[in-house]
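Readers should treat all values here as calculations from the given coordinates under stated rules, not as data from a laboratory. Computed from a predicted model, the values in this text were never measured in an experiment. Because the Cβ atoms are built from the backbone with ideal geometry, glycine has one as well, and the counts that use them run over all protein chains shown.
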Amino acid sequence: MAAGVLSSTGNGRARTWARIGIVVQFLALLRILAQYLWLEAHSAAAFTAASGHPWVVGALLTATLALATVLLYFGGRFRAAAAVAGLTVAVLLVYRFVVPGVASAAPVGPEAPRGAATADTTPASRSVALTFDDLPWADAEVPLDSVAERTRRMLAVLRAHGAPGVAFVIGRRVLADGDAGRRLDLLRAWRDAGVELGNHTWSHLSFQNTPLDRYEDDVLRGDAVPRLLMGEVGKTPHFFRPPFNQTGRTRVARDAFAAFLAERGYALAPFTVEDVDYAFDDLYRAAGGDTASQARIGRTYLAHFDTAMAFGERLSRETFGREIPQVLLLHADDLNALYLGRLLAHLEARGYRFVSLKTALADSAYATPDGYVGRYGISWLHRWRKGLGLPSRLREEPDPPAWVLQDYQALHRK
Ligand SMILES: [Zn+2]
C-alpha cells in the first residue's frame, strides 16, 4: 500500500521499481543456485563442465549487481537502484537467450533422468548399430589364411547375436594387395552374413591433408568394390565413412563434400561411440605369445569398452534428454576377432538390441546439425552438441588407462 501512495511522486515510483528489482534479482540468484545444486546432485560431470562455463560469470555479475542495488536502495538512491536492477535483468536476458549453452547447461527434456546420471540407468529399450572399419582386415600384415579364420569367427558371433552391421571397405586393400579373388570372397562372406558393405575410400586418405578434388577421386575409386559386391545381390552401397572420421578442414570443404556424397547416393556414416580398439589391438599383437599380458590387455579393453558405452549413454541423455540409438565404431582386427562375442554380450547386458545403421539413423537425433569443423575424428555426439550450442564435453571423453596410451605411443615411436 505504501508503494501506491509513494508512486504519486517520481521518487516513489523509482523506489517501487527498486523494490521489484531487488525481488527479481533475489529470485534469479535462487534459480541459479538451485541449478548449480541440481547439477551437483545429478551429474558430477555436468557440474564440473558448468564450472568453467560463462554462466558462472553471469551468476557472479548478477550477485554483484544485486548487492549494488541493495546498497543504493538503503542509501536512499532509488533511481540509481532501479537502474542497476534494470541492468541486471538485461544481463540475465542476454545470458538466457544470447550466450549459447547457458540455458541448457543442465540436462533438458521431460525424459531427462531423475536418478544419478550414471551408467546404471538402463532405459527399457536401448539400441545400437554396429559398424566395422578397414575391411578386409585392419592389420594389413596378417596372412590371408588367418584373416579368413578370424573373419569366420567374427561373422559367427554376429549371426549368433542376430546383429546386422555395415563394414567399410578400403578399395586398395582388396584389389591392389594381391589375392584379390580371395579378398573379394572374404567380403562376400560379410555381405552374406547380413553385413552391408560401405565405402571407406580407395587408399584411406586423410581429408585434412588432401585437396577436395583428389579426395573425391579417392572416394569414387573406393566405390568400385562395394558396388560390385552389393550389386551381385541386387543392392547398392549406401554408406560412406571417412578415414580417421575427418569431415573436412573447412566448412566449405565439408559442405561441398556432403553434396558430392548425396549426388552419388551415399550417406556419411556417423558414429557415437568408439572404444579405441586400434590401440588395444596394436598392444595385443605386440604382446605376441605372452598370454598373461594379452589377458591383461583384453580385460582392460573390455573395461574400457563399458566406460566408453557409459559415456556415450550419458552424453546422449545430456544432449537429447534421452538415449538415442548408438552407432558403435569397431575395426575388423585381431583383437575384435577374439573379443567381439564378449563385447556383444556386454551390450546385451546393458539392455541393447542390435539394429541396422539405417534404422539407427532414422532417429531424429541424427538430423541434428554437425557444428564441428576440424581435424579430429570425434564422436557425433560432440559435433551435435556444438551444433546445438551446448557446452563441450570433449575433455571428459574417457581415455584408456595411462599405461595403454604410453605403450601404444612407445610402439609407434619405434
Ligand atoms: Zn579407417
Query raised in the report: Roughly what would the spin-label model give for ALA286 and LEU71, points 7 Å off Cα along C-beta, in nm?
Result: 6.0
Report task. Calculate one ³J(HN,Hα) per residue across the range 133-138 by plugging θ = phi - 60° into the Karplus curve 6.51 cos²θ - 1.76 cosθ + 1.60, and present them in order as whole Hz with x for glycine and proline. Result -> 9, 6, 6, x, 7, 5
Report summary line: Summing -39500 (n - 2.57) over every DSSP H run of at least 4 in the chain, dividing by its residue total and rounding to the nearest 500, the 222 nm mean residue ellipticity is -18500 deg cm²/dmol
Report task. Taking 7 Å along the Cα-to-C-beta vector as the label spot, tell me the HIS412-ARG227 distance in nanometres, rounded to one decimal. Result -> 3.3
**Report entry** Degrees between helix 10-42 axis and first principal axis of the chain (Cα, 0 to 90, nearest 10)
**Finding:** 30
Report task. Take the Cβ-Cβ distance between ALA156 and TRP403 as r, set R0 to 35 Å, and report the resulting FRET efficiency rounded to the nearest 0.05. Result -> 0.60
Query raised in the report: Hey, rough spin-label estimate for ARG79 and ASP370, points 7 angstrom out along Cα→Cβ, what's it come to in nanometres?
Result: 5.8
Report task. Find out how many positive minus negative residues lie around ARG375, taking Lys and Arg as positive, Asp and Glu as negative, among other residues whose Cβ is under 15 Å from that of ARG375. Result -> +4
Query raised in the report: Taking amide hydrogens as modeled 1.01 Å from N in the peptide plane, which residues meet the under 5 Å criterion relative to ARG353, leaving out close sequence neighbours?
Result: ARG126, SER127, VAL128
Query raised in the report: Can you give the net charge of the other residues whose Cβ lies under 11 Å from the Cβ of GLU318, counting K and R as +1 and D and E as -1?
Result: +2
Query raised in the report: To the nearest 0.05, what FRET efficiency results for LEU394 and ALA140 with a Förster distance of 51 Å applied to their C-beta separation?
Result: 0.95
Query raised in the report: Hey, got the dipole for the range 181-269? About the Cα centre, +1 on K and R Cβ, -1 on D and E Cβ, debye to the nearest 20?
Result: 180
Query raised in the report: Non-local amide H neighbours of ALA167 (under 5 Å, H modeled in plane, Pro and chain starts lacking H): which ones?
Result: PHE132, GLU196, LEU197, GLY198
Report task. Any chance you could run the full-extension gain for THR250 through ARG188? It's 0.36 nm times the residue separation minus the Cα-Cα distance, nm to one decimal. Result -> 18.7 nm
Query - Descending Cα extents along the principal axes, the chain, whole Å - result: 96, 48, 43
Query raised in the report: With a Cα-only, solvent-free Debye model of the range 320-409, what are the log10 I(q)/I(0) values at q = 0.12, 0.18, 0.22, 0.25 Å⁻¹?
Result: -0.53, -1.13, -1.32, -1.33
Query raised in the report: Pick from SER316, SER293, SER127: which is most flexible by mean-square fluctuation in a GNM of the chain where alpha carbon atoms under 10 Å apart are linked?
Result: SER293
Report task. Give me the lysines in straight-line cross-link reach of LYS235: C-alpha distance below 22 Å, same-chain residues under 8 apart excluded. Result -> LYS358
Query - Mean Cα-pair separation over length for the chain, i.e. relative contact order, pairs under 8 Å, 6 or more apart, % - result: 20
Query - aspartates and glutamates whose Cα lies under 16 Å from that of LYS386, excluding same-chain neighbours fewer than 8 positions away - result: GLU318, ASP370, GLU396, GLU397
